[in-house]
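Enquirer: Okay, here's the structure, questions in a sec.
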Amino acid sequence: MKALEGKHVVLGLSGGVACYKSAQLCRLLVQAGARVRVVMTEAATQFMTPVTMQALSGEPVVLSQWDLREPNAMAHINLGRWADAIVVAPASADLIAQLAQGRASELLALLCLARPAQRVPLLLAPAMNREMWAHPATQRNVAQVQADGAQVLEVGQGEQACGEVGDGRMLEPEEIVEDVVAALTPKVLAGLHVVVTAGPTFEPIDPVRGITNHSSGKMGFALARAAREAGATVTLIAGPVHLPTPRGVRRVDVQSAQQMYEAVMAAVDQASVFIAAAAVADWRVAQVAERKLKKDGSGQPPSLTFVENPDILATVAAQPRARSGHLYCVGFAAESHDLLANAQAKRVRKGVPLLVGNIGPATFGRDDNALLLVDERQAIELPPGPKVALARQLMVEIAQRLRGGPA
Ligand code: C5P
């Protein structure tokens, strides 16, 4: 199931160069499964044609409250009732000022004012010159619309179309979609702190070489993303991977198992959930060489001795807070065969209430996976699908167990 399947999104464009990004945003929302209806201010039409937005959304673009295609001539009411979320991207300084004052002289501001506020979240993605953004009037208006219930997304930093450099760029379309999905996700983990480990570890041999594995970190990153969407505060402790940090997630980068262990121990103190999805090396080289190990011509390979790494999951699961149920621990098992039996045995061995099995070689580096959830009472299969979709289902399963037992 796509992240926005069946959802209705009203995408509002106000005037600004960033309108060029709204075309891509519209596409991404549609690709995520949403039906999108576009509303544009007159200024927005100077930057982007309604024709483009109508072609991309596949729905009629609405430009005016006087649009007579609406049988009741009340576009502002109809769109608000139809919407599951309203996203204004770009939100100009003027549009934010109109909203702060409750003005309704253009359809977009009127629609925002008339929206059923309890049911329909309003997200604003500001975009403007850095001086306009920093101006006290804009900051005052931003604070006011937030106090009135709008969710104002942060602005990006960097080069602006005007040639200046600073705060005020609109977020990238991918980032805005992540926030729309989060805004529409039930907050089953609200108020909880979730710690996730992800990716491989890298165990150095000398300054240039080391031992690692094929874990891509995709499952762990998807879990962090899904936990944040579900309302949790998330700390993601990541081994060396090349993946973007999910929106709103605090990321701690580590290399070795020992570093991951230390980062986890520092983070789980206040946490309610710990999910160990990292593929942690069992062994590390006892003595890391200070200089690169070179061939000496004798044909003799260097002899390495190994010591065992701490088992992060088992250590956390043995803590009093975990044993008393205040820190819910979830382990992962990447197996090559006999998934159920291996997962059941691993759950007991690690001392965790929930263990998630997957067939390792079939999932490494891929965007899809299938999961087997094993707890004390039962085993539940989550059929093949995108890792992020499985991660969302797993959050619901964890939340149910936190509330006192599986569904
Ligand atoms: O024992 P095995 O490595 O198969 O167990 C896998 C589970 O234990 C995963 O959840 C993994 O993140 C966790 N683990 C850990 N620390 C280790 C080894 C595994 O947290 N040193």
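The values are calculated or read from the model by the stated rules, or taken from the named source; none is laboratory data. In this text the structure is predicted, and so the values were computed from the model without any measurement. Using ideal geometry, Cβ is built from the backbone for each residue, glycine included, and neighbour counts are taken over all protein chains shown. Just so you know, the surface numbers come from the protein's heavy atoms only, side chains and all, with ligands and any DNA or RNA stripped out. Shrake-Rupley method; radii C 1.70, N 1.55, O 1.52, S 1.80 Å.
Enquirer: Keeping to pairs on different chains or 8 or more places apart, tell me how many lysine pairs in the chain have Cα atoms under 19 Å apart.
Expert: 5
Enquirer: Follow-up question, since we're still on this one. Please report the antiparallel percentage of the DSSP beta bridges confined to region 8-183, to the nearest 5.
Expert: 20 percent
Enquirer: Could you state the angle between the C-alpha long axis of helix 387-402 and the longest principal axis of the C-alpha atoms of the chain, as a value from 0 to 90 degrees rounded to the nearest 10?
Expert: 80 degrees
Enquirer: Which value does Rg/Rh take for region 68-194 over its C-alpha atoms, Rh per Kirkwood?
Expert: Value, to two decimals: 1.00.
Enquirer: Where the centroid of each part is defined by its Cα atoms, how far is region 178-235 from region 116-133 in Å?
Expert: Answer, in whole Å: 28.
Enquirer: Quick one: which residues, 5 or more positions from V88 or on another chain, have an amide H under 5 Å from its amide H? H modelled 1.01 Å from N in the peptide plane, none for Pro or chain starts.
Expert: Here G12, L123, L124, A125 satisfy the definition.
Enquirer: Explain nothing, just the number: relative contact order of the chain, from Cα pairs under 8 Å at least 6 residues apart, as a whole percent.
Expert: Worked out over the chain, it gives 11 percent.
Enquirer: Ok, one more. Taking loop as defined by DSSP and a crowding limit of 12 other beta carbons within 10 Å, which trypsin sites (Lys or Arg not before Pro) in region 4-87 fit?
Expert: Answer by residue number: R69.
Enquirer: Right, something else. Using a simple charge model, +1 on the beta-carbon of Lys and Arg, -1 on the beta-carbon of Asp and Glu, nothing else, what dipole does region 1-82 show about its Cα centre, in debye to the nearest 20?
Expert: Dipole magnitude for region 1-82 comes out near 280 debye.
Enquirer: Next question. Taking only DSSP H segments of four or more residues, each worth -39500 (n - 2.57), what value at 222 nm results for the chain once the sum is divided by all its residues, to the nearest 500 deg cm²/dmol?
Expert: Only helices count here, giving -10000 deg cm²/dmol.
Enquirer: Right, here's the next one. For A232, what residues show an amide H to amide H distance below 5 Å, using hydrogens built from the backbone and excluding near sequence neighbours?
Expert: L189
Enquirer: Quick one: angle between helix 218-229 and the longest Cα principal axis of the chain, in degrees between 0 and 90, rounded to 10, please.
Expert: Helix 218-229 sits at roughly 50 degrees to that axis.
Enquirer: Percent antiparallel among DSSP beta bridges with both residues in the chain, to the nearest 5?
Expert: Bridges in the chain are about 30 percent antiparallel.
Enquirer: Further question: Which residue, chosen from L382, I359, G231, occupies the Cα position most advanced towards the positive end of the dipole of region 193-402, where the dipole is computed from +1 (Lys, Arg) and -1 (Asp, Glu) charges on Cβ about the Cα centre?
Expert: Farthest towards the positive end: G231.
Enquirer: Ordering W66, W82 by accessible area with a probe of 1.4 Å, largest first, what comes out?
Expert: If we order W66, W82 from most to least accessible, we get W66, W82.
Enquirer: Taking a 1.4 Å probe, which of D269, D375, D84 shows the most accessible area, and what order do the others take after it?
Expert: D269, D84, D375
Enquirer: With equal scatterers on the alpha carbons only and no solvent term, can you work out the Debye log10 of I(q)/I(0) for the chain at 0.08 1/Å?
Expert: Calculated log10 I(q)/I(0) at the listed q: -0.54.
Enquirer: To the nearest 0.05, what FRET efficiency results for L304 and A134 with a Förster distance of 51 Å applied to their C-beta separation?
Expert: Between L304 and A134 the formula returns 0.35.
Enquirer: If R0 is 25 Å, what FRET efficiency do you get for D148 and S105 from their C-beta distance, rounded to 0.05?
Expert: Calculated value: 0.90.
Enquirer: Test of understanding: in a Gaussian network model of the chain with alpha carbons linked when under 10 Å, which of G168, G15, G299 would top the mean-square fluctuation ranking?
Expert: Most flexible of the set in this elastic network: G299.
Enquirer: Over region 243-401, with a single point scatterer placed on each C-alpha, what log10 of the ratio I(q)/I(0) does the Debye formula yield at q = 0.12, 0.13, 0.15, 0.17 1/Å?
Expert: Reported log10 I(q)/I(0), two decimals: -0.63, -0.72, -0.91, -1.12.
Enquirer: How much length is gained if the chain between A161 and L68 is pulled fully straight, taking 0.36 nm per residue apart and subtracting their Cα-Cα distance, in nm to one decimal?
Expert: 29.8 nm
Enquirer: Here's a follow-up. Compute the longest continuous run of the chain that contains no exposed GluC sites (Glu not before Pro); treat a site as exposed when its DSSP state is not H, G, I, E or B and it has at most 14 other Cβ atoms within 10 Å.
Expert: My reading of the result: 165-289 is the longest stretch.
Enquirer: Please report the spacing between the Cα centers of region 237-269 and region 273-346 in Å, no decimals.
Expert: 15 Å
Enquirer: Where nothing but the Cβ of Lys and Arg (+1) and of Asp and Glu (-1) is charged, how large is the charge dipole of region 8-183 around its Cα centre, in debye to the nearest 20?
Expert: 500 debye
Enquirer: Can you find, among S272, W66, G325, the residue sitting farthest towards the positive end of the charge dipole of the chain, where Lys and Arg contribute +1 and Asp and Glu -1 at Cβ?
Expert: Result: G325, furthest along the dipole toward the positive end.
Enquirer: Mind giving me the FRET efficiency for K295 and A362? R0 is 41 Å, r the Cβ-Cβ distance, nearest 0.05 is fine.
Expert: 0.65
Enquirer: To check you understand DSSP bridge types, tell me what percent of the beta bridges within region 253-385 (both residues inside) are antiparallel, rounded to 5.
Expert: Around 55 percent antiparallel, to the nearest 5.
Enquirer: Between 0 and 90 degrees, rounded to the nearest ten: what's the tilt of helix 136-147 against the longest Cα principal axis of the chain?
Expert: Computed tilt is about 70 degrees.
Enquirer: Now a separate question. What does the charge dipole of the chain about its Cα centre add up to, to the nearest 20 debye, if the Cβ of each Lys and Arg holds +1 and the Cβ of each Asp and Glu holds -1?
Expert: Computed charge dipole of the chain: roughly 660 debye.
Enquirer: On to the next question. When only the heavy atoms of the protein chains count and the probe is 1.4 Å, how do M395, M74 rank by accessible area, highest first?
Expert: Order by accessible area, largest first: M74, M395.
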